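Data first, discussion second: the structure below is written as structure tokens.
The values are calculated or read from the model by the stated rules, or taken from the named source; none is laboratory data. Not measured: the values here are computed from a predicted model. FYI the Cβ positions are ideal-geometry reconstructions off the backbone, even for glycines, and counts take in every protein chain you see. The area values use the complete protein model at the heavy-atom level, side chains included, leaving out ligands, DNA and RNA. Shrake-Rupley method; radii C 1.70, N 1.55, O 1.52, S 1.80 Å.
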Amino acid sequence: MIAFSGPASAAYPPGELELSLQIEHNETRWQYSGETLTSKSAILGVQLQETLAPRLRGRLHAGYLDLSQPDNTLAAARVTTGYYAGIELALLVLDTSRLKLELSSGYRYQYTEGHTDSTDVSLVWHDTYAQLGVTLPLSERLDLHAIGGASRTSGEQRVGGDTDQLLTFDEKEQRYYAAGLSYRVDETGYLSVSWLGGNRDGFRLGFHRGF
């Protein structure tokens, strides 16, 4: 999922493009038939954001994904690697000098695979989510941001090799929240850090540049 970030402004700048590099680590719990497994994701990705209308933004994001499930009974599934890609739309609900509210919703596709001498495993899962983000300016350069939302995850673990198998899974908890800070370094660039909680515990770092 994408953290609500960026210093407050009078409105979305018309036609502005913003490119972000994002680093994230999170831990969640997936429910398979009869058991719950802890899943840890390490993400390195990019996000492209564009203003589509005065109060509407579109975001595309994609990147590298490393997934570990230490308690998975299949050795090939304990460490898998792959990629993710997604899309998000954001609506500016309220914009004042002291408070900004943004409502956003999106979809993300994720794929990883792992191998041993006798087994091939691939995991495919889909996330849909909706969230409300709040930004409070603390100073000319520093903002406090927070989000709260709900997501739905549905996925499959596909096994091939000596034994073929298909397992489905979903996320145990659907609600999530995050809070963090954004610091503007110059007119077009800022840094962000967020702490994640709820269905995914972890952190996210962002390096953002507008064009």
Every residue from segment 171-187 that is modelled with pLDDT of 95 or more and surrounded by fewer than 14 Cβ atoms within 10 Å (Cβ to Cβ): Arg175, Val185, Asp186
Pairs with Cβ under 7 Å, 6+ apart, first in segment 43-62 and of a type in the set (Asp, Glu), second surrounded by 19 or more Cβ atoms within 10 Å (Cβ to Cβ): Glu50/Arg57
Selected residue (only one of Thr163, Thr168 is over 17 Å from the mean Cα position of the chain (by Cα), touching a residue at least 40 places away in the same chain (Cβ under 8 Å), assigned to a strand (DSSP E or B) and exposed (fewer than 14 other Cβ atoms within 10 Å of the Cβ)): Thr168
Residues satisfying the stated conditions in segment 77-115, i.e. modelled with pLDDT of 95 or more and of a type in the set (S, T, N, Q): Thr80, Thr81, Ser104, Ser105, Gln110, Thr112
Search result, residues across segment 125-143 that are under 20 Å from Ser104 (Cβ atoms), surrounded by fewer than 16 Cβ atoms within 10 Å (Cβ to Cβ) and either touching a Ser or Thr at 6+ places or on another chain (Cβ under 7 Å) or acidic (Asp, Glu) (or both): His126, Thr128, Ala130
Test result for Glu50, modelled with pLDDT under 95, among the charged types (D, E, K, R) and open to solvent by 30 Å² or more (accessible area, probe 1.4 Å): no
Per-region count, segment 111-124, residues of a type outside the set (Val, Ile, Thr) and open to solvent by less than 10 Å² (accessible area, probe 1.4 Å): 2
Residue that is farther than 30 Å from Ala77 by Cα and of a type in the set (Asp, Glu), where the choices are Asp186, Asp170, Asp201: Asp186
Residue pairs meeting the criteria (Cβ under 7 Å; at least 6 apart or on separate chains; first closer than 23 Å to Thr153 by Cα, in segment 90-109; second of a type in the set (S, T, N, Q) and open to solvent by 30 Å² or more (accessible area, probe 1.4 Å)): Tyr107/Thr128
Single match in Leu103, Leu74, Leu60 (criterion: more than 14 Å from the chain's Cα centre (by Cα) and over 29 Å from Gly161 (Cβ atoms)): Leu103
Qualifying residue in segment 176-189 (condition: under 22 Å from Ser97 (Cβ atoms), part of a loop (DSSP other than H, G, I, E, B) and among the small types (Gly, Ala, Ser)): no
